[in-house]
Amino acid sequence: NISAKEQFIYRKISHNEGLTSSISSIYKEKDGDVWLGSISGLYRFNGHDIIHLTDPLFAGKVIHGIEEDRHGGLWILSSDWIMYRREGEEEFRLMRDDSGYDTLPFFSMCEDEDGLWFGSQGCIYRYTFKDEQFVMFRNFEGRETFFCSHVNILDESTVICSSSNGNIIVDTGTGELKEAPEWPFSEVSGIMTDSHGRLWLAFYNNGIHVYEKDGTYIR
């Protein structure tokens, strides 16, 4: 509760403090620092100072997202693979596989009981908590320019990858690809599944639409 007498002090953090003018993502650690992702890399704010991470791991990378998993692991999604830090550790490590790609951008992440799903360009990746394996789960053949801006759990057997140029449903057991239902608009700006299994879709410049599990439009 905020009393009428309580005062708040705001501090502006700008390029004068070394921060870039374009911030793409912000994440606040529990009882910890604030992380800021930008087109100029990753920044860390400890409450007093802005620190720009310029070591080789982050140099030259565009940061698309900052996420935390249920075990406290911190994931930095970038234009060139993913950086990961376990809970309680200070150092990040590069997460990549032997797929043959020199660079690969990552835009989105979601979590289920067993691990994490990552949306990339033309493919989707999987990380499992049990064996700590990070591998390409499925390549979107013929859709190499599909940017998976959002990845979301639909149900226990499917995830949906959304982009400005359409949506793809992936069977998490077989890896089979399916086209998404015929929605009125193709460009998805945001997506989530609520506790009742209903799908909420924010279409670019066209509001929010809600669907039942079976695809029935609600509102």
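The values are calculated or read from the model by the stated rules, or taken from the named source; none is laboratory data. None of the values given here were measured: they were computed from a predicted structure. Because the Cβ atoms are built from the backbone with ideal geometry, glycine has one as well, and the counts that use them run over all protein chains shown. Accessible surface areas use protein heavy atoms only, side chains included; no ligands, DNA or RNA. Shrake-Rupley method; radii C 1.70, N 1.55, O 1.52, S 1.80 Å.
Summary table below
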{"read-out": "Choice from Lys12, Lys130, Lys61 with maximal GNM fluctuation in the chain (Cα, 10 Å cutoff)", "value": "Lys12"}
{"read-out": "For the stretch 133-173, alpha-carbon Rg over 2.2 N^0.38 Å", "value": "1.16"}
{"read-out": "The stretch 140-219 - Kirkwood radius from inverse mean 1/r over Cα pairs (Å)", "value": "12.8"}
{"read-out": "Share of carbon and sulfur in the accessible heavy-atom surface of the stretch 82-210 [1.4 Å probe, %]", "value": "46"}
{"read-out": "Net +/- balance of residues flanking Gln133 in space, Cβ distance below 10 Å, scoring K and R +1, D and E -1", "value": "-1"}
{"read-out": "Top positive-direction residue, dipole computed over the chain with Cβ charges, set Ser120, Gly166, Ile23", "value": "Ile23"}
{"read-out": "Choice from Asp33, Asp112, Asp194 with maximal GNM fluctuation in the chain (Cα, 10 Å cutoff)", "value": "Asp194"}
{"read-out": "Cα pair distances of the chain binned at 5 Å [whole percent]", "value": "1, 6, 13, 17, 17, 15, 13, 9, 5, 3, 1, 0, 0"}
{"read-out": "For the stretch 65-131, convex hull volume per residue from C-alpha positions, Å³", "value": "90"}
{"read-out": "No Cys partner within the rule (Cβ under 4.7 Å), the chain", "value": "Cys110, Cys123"}
